[in-house]
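Below is one structure, written out as structure tokens, with a few remarks after it.
Here, each number is a calculation from the coordinates, and none is a lab measurement. Note that the coordinates shown come from a computational prediction; the quantities given were computed from them, not determined experimentally. When we count neighbours, we look across all protein chains shown, and the Cβ atoms used for this are built from the backbone with ideal geometry, even at glycine.
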Amino acid sequence: MFPASLRRLSLVAVAIGATGCSRVADVAYTLRADAEKLDLPAEHTERIADYLAMFHGTPTNPRMALPDPNAESPEASTADATLVPIARIDKPGYDRLTLQRGHEVYASQCAGCHGATGDGKGPAGAYLNPPPRDYRNGVFKFTSTPRGSKPRRDDLRRILKYGAKGTSMPAFRFLSEEDTEAVIDYVQVLSARGQLEIDLIREATDELDEGDDFDPETVADYVQSISDSWDRAESELVRPVTVNPPRTPETVRQGAVAFAELYCVKCHGPNARGSKSADVGQDIWGRTAYPANLAMGMLHGGRRPDDIYRRIYSGINGTPMPSSKDPNTAIGETPEQRSERIWHLVHFVTAVIENNGVPDDAQHAIDDALRVAAGGPSP
Ligand code: HEC
Ligand code: HEC
């Protein structure tokens, strides 16, 4: 069904010009199993490539396909064993021409950093810190949804419009609305494709012996559940259950107390400047995680009060920055208390940014709270 030439998994990346604006001519997607030298039987690797191409096409002919629920499920044991019997349809809303346009925008604007496959390994990627996001595990950091969920389209629009401050992720203000929407579709294709690949590699490693083939229904389930997780995110917007109160020195002070009494200081340090020595572990992309220096004001996920609220409420996917629902983080007993406290933390963080450091009053509040927690006298 897919000629061997299409399975050639090499990526031809040609970077033209030394100005940082590189064009990537991609002929095929790289396969994780090959790039990471996973020791899978060739027949499994080939089957994975077939399934990825079935559901997500090629760079110049991308698809967002789903298993067709109305199709008669074909016999798994067809005479021609090289056929992969899953009927599929284009996911509603993901039109092939738009995806082609998305690919063109991506190839000219994004692949130089994020790589043709979305692995974050474009020609420019190696020199960047933090590195461009590898989308292939389907994890996005700056979402307006609860921890563990996908981003909403609006989150992807925001990062394209404003970039991620303090990182090399640029703001693409000049992109037309059509190009923006098309490239968002295409990023979703790369992400869904990457996640399916991980699922199939895991399936092959854990469930299949040499000579076994994938069960088409299992593959269909993987595809469907990845698609469902994207759809679900659209209705999962985190809405604060209390309104943002007016910011006063008192709410900033309360935020400072919360910063000390909760878990924030452990990672961000008593002066909120982050701590290079706090060993907080790695992110899921395998890099040492550094708690943000809040005094620098480079909030990657946006600086509007709602953005900061959601960051504290949900944490940051793929990193040790926890969600306020983490069982270890007793942030408040009722949802209202929790929400109020998060707003105070937002006021504190905003004050730290504006002041390029913790304001004196707030610093006293933090120091007092830490002294009390350590068993010292209350102020
Ligand atoms: C100059 C390099 C560069 C270019 C060009 C670039 N990015 Fe990024 N991008 C980054 C970096 C670096 C990050 C990671 C930021 C971080 O970890 O905080 C990132 C992160 C992202 C994220 C992840 C946001 C999240 O919540 O996790 C998305 C989505 C994204 N980029 C999309 C794009 C798209 C689409 C394009 C092209 C229109 C593009 N980027 C072009 C460097 C780049
Ligand atoms: C276990 C360690 C840990 C704890 C506890 C923690 N953080 Fe973080 N925080 C991090 C790390 C790591 C990052 C950087 C993540 C990244 O961008 O890769 C971060 C980033 C942030 C950011 C920057 C968000 C952005 O948009 O770039 C804010 C704001 C923040 N933390 C606030 C808090 C607050 C408030 C608390 C307490 C309620 C807290 N953190 C608790 C580790 C932690």
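The phi-based Karplus calculation (6.51 cos²θ - 1.76 cosθ + 1.60; θ = phi - 60°) puts the 3J(HN,Hα) values of the stretch 250-256 at 5, 5, 5, 5, 4, x, 4 Hz, whole numbers, x for Gly and Pro.
Look at the dipole of the chain built from charges on Cβ: of ASN293, GLY115, GLN337, the Cα furthest out on the positive end belongs to ASN293.
Evaluating 6.51 cos²θ - 1.76 cosθ + 1.60 at θ = phi - 60° for every residue in the stretch 112-122, the Karplus couplings come out as x, 9, 7, x, 4, 8, x, 8, x, 10, x Hz, glycine and proline recorded as x. Distances between placed amide hydrogens fall under 5 Å for GLY57 paired with ARG63, all partners being 5 or more residues away or on another chain. Relative to the longest principal Cα axis of the chain, at what angle does helix 96-109 sit, 0 to 90 degrees, rounded to 10? Once rounded, one gets 60 degrees.
Determine the shape class of the stretch 338-379: with a ≥ b ≥ c the square roots of the Cα gyration tensor eigenvalues, call it rounded for a/c under 1.5, and otherwise prolate if a/b is greater than b/c, oblate otherwise.
It is oblate, given that a/c is not under 1.5 and a/b is not larger than b/c.
Take the Cβ atoms of SER176 and ARG232, set R0 to 25 Å, and the FRET efficiency comes out at 0.30. Summary of the geometry: the stretch 50-72 and the stretch 332-361, compared by the centres of their Cα atoms, lie 46 Å apart. Quick note on the chain: its Rg to Rh ratio, both from C-alpha atoms and Rh being the Kirkwood radius, is 1.03. Stretching the chain fully between MET298 and SER277 yields a gain of 5.6 nm (0.36 nm per residue, less the alpha carbon separation).
When the charge dipole of the stretch 175-276 is built from unit charges on Cβ atoms (+1 for Lys and Arg, -1 for Asp and Glu) and taken about the Cα centre, the candidate among VAL187, TYR222, CYS264 whose Cα reaches farthest toward its positive end is CYS264. Between PRO216, PRO41, PRO291, which gets the highest mean-square fluctuation from a Gaussian network model of the chain, Cα cutoff 10 Å? The residue that fluctuates most here is PRO41. Ordering of 348-356, 226-234 by packing is 348-356, 226-234, highest average first (other Cβ atoms within 10 Å, averaged per residue). Summarising the label geometry, the points placed 7 Å from Cα in the beta-carbon direction at ASP95 and ARG157 lie 1.8 nm from one another. The phi-based Karplus calculation (6.51 cos²θ - 1.76 cosθ + 1.60; θ = phi - 60°) puts the 3J(HN,Hα) values of the stretch 270-286 at x, 9, 6, 8, x, 9, 5, 8, 5, 7, 9, x, 10, 8, 6, 8, x Hz, whole numbers, x for Gly and Pro.
The angle between the Cα long axis of helix 216-233 and the longest principal axis of the Cα atoms of the chain comes to about 30 degrees, rounded to the nearest 10.
Bins of 10 Å, beginning at zero and ending with the bin holding the largest distance: percent of Cα pairs per bin for the stretch 250-314, please. The distribution over the stretch 250-314 is 20, 50, 28, 3, 0, given as percents.
Roughly what angle does helix 335-354 make with the longest principal axis of the chain, taking Cα atoms, 0 to 90 degrees, to the nearest 10? Between helix and principal axis, roughly 80 degrees. The length gained by stretching the chain between ASN137 and ALA87 to full extension, at 0.36 nm per residue less their Cα-Cα distance, is 15.5 nm.
Of the cross-linked pairs LYS161/LYS325; LYS121/LYS150; LYS150/LYS325; LYS37/LYS161, which ones have a Cα-Cα span greater than 28 Å in the structure shown?
LYS161/LYS325; LYS37/LYS161
With one equal scatterer per alpha carbon and no solvent term, the Debye-computed log10 I(q)/I(0) for the stretch 249-373 at 0.13, 0.17 1/Å reads -0.47, -0.84.
In debye, nearest 20, what is the charge dipole magnitude of the chain about its Cα centre with +1 on Lys and Arg Cβ and -1 on Asp and Glu Cβ, if you could check?
Numbers: 42 positive and 54 negative charges, 426 e Å.
In debye, rounded to 20, the chain gives about 2040.
A Förster radius of 22 Å combined with the Cβ-Cβ distance from ASP39 to ILE198 puts the calculated FRET efficiency at roughly 0.85. Only lysines eight or more places from LYS165 in sequence, or on another chain, were considered; those with a Cα closer than 19 Å are LYS141.
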